[in-house]
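Participant: The structure under discussion is supplied below as structure tokens; questions concerning it will follow.
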Amino acid sequence: MKPRVSIIMGSTSDLPVMEKAAQLLDDFQIPFEIHALSAHRTPEQVEKFATEAKSRGIEVIIAAAGMAAHLPGVIAAMTTLPVIGVPIKASLDGMDALLAIAQMPPGIPVATVAINGAMNAGILAAQIIATGDDKVGEQMVAYKEQLKDKIVKANKELQTVDFKYKTN
């Protein structure tokens with residue numbers, strides 16, 4: 001099995017957040033790999049990873065980092081693959097990481113999800129893969145229907161909640 005998505009994090013301390021992306025990809029049966037690489041502590045390994053990812057069959061990279069959060073942008077600078085940045089809440093409530101990932105210079109885009117938004121990163125990676133994979137596309141349609149059905153059910157359940165001045 002060859003990975004189609006790479007999940008990269010600046011530190012293994014990010015794993016509790018990034019497990020949500022891994023679980024989503026696992027649920028969609030999309031092969032993935034997970035690595036800890038640091039833009040600051042292992043820059044040569046980051047460069048090797050980024051420049052070789054496409055030739056290894058990687059289609060999307062999910063890169064997570066906290067604080068200065070340079071990892072997603074550094075990877076995006078070295079590849080033409082789509083990079084999804086996940087800001088990790090490590091300091092300043094994650095705002096430093098969010099801004100570091102979102103404020104990329106022209107020509108080096110990084111799709112950015114919410115602080116600790118690894119699940120949405122996994123969904124976005126699956127949606128990107130679905131553009132060329134009908135099986136994943138069908139799974140995505142079913143997944144979105146499940147989300148809709150969950151809200152419809154919750155709304156029906158709200159109708160049974162009773163308050164003296166509730167009008168519906």
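Participant: Are any residues in the range 124-146 within 19 Å of residue 83 (Cα to Cα) and among the polar types (S, T, N, Q), and if so, which ones?
Facilitator: Passing the criteria: 127, 131.
Participant: Moving on to the next point. Evaluate the following for residue 94: is it on the phi > 0 side of the Ramachandran plot and either at pLDDT below 95 or surrounded by fewer than 23 Cβ atoms within 10 Å (Cβ to Cβ) (or both)?
Facilitator: Considered against the rule, which asks whether it is on the phi > 0 side of the Ramachandran plot and either at pLDDT below 95 or surrounded by fewer than 23 Cβ atoms within 10 Å (Cβ to Cβ) (or both), residue 94 comes out as yes.
Participant: Of the residues that sit in the range 109-129 and are part of a loop (DSSP other than H, G, I, E, B) and of a type in the set (A, V, I, L, M, F, W, C), which one is surrounded by the fewest Cβ atoms within 10 Å (Cβ to Cβ)?
Facilitator: In the first step, residues of the range 109-129 are kept if they are part of a loop (DSSP other than H, G, I, E, B); the result is 109-110, 113-117.
Of the ones still in play, those that are also of a type in the set (A, V, I, L, M, F, W, C) are 110, 113-115.
Details: 110: 23, 113: 23, 114: 13, 115: 18.
So, considering only residues that are part of a loop (DSSP other than H, G, I, E, B) and of a type in the set (A, V, I, L, M, F, W, C), the one surrounded by the fewest Cβ atoms within 10 Å (Cβ to Cβ) is 114.
Participant: Then there is this: Evaluate the range 58-75: report whether one residue or more is among the acidic types (Asp, Glu) and either closer than 20 Å to residue 25 by Cα or within 17 Å of the chain's Cα centre (by Cα) (or both).
Facilitator: yes
Participant: Here's a follow-up. Please specify each residue of the range 5-27 satisfying the condition of being buried (at least 21 other Cβ atoms within 10 Å of the Cβ) and of a type outside the set (Asp, Glu).
Facilitator: 5, 6, 7, 8, 9, 10, 17, 18, 21, 24, 25
The values are calculated or read from the model by the stated rules, or taken from the named source; none is laboratory data. Every value quoted in this text rests on a predicted model; they were computed, and no experiment measured them. No Cβ is skipped: glycine too gets one built from the backbone with ideal geometry, and neighbour counts run over all protein chains shown.
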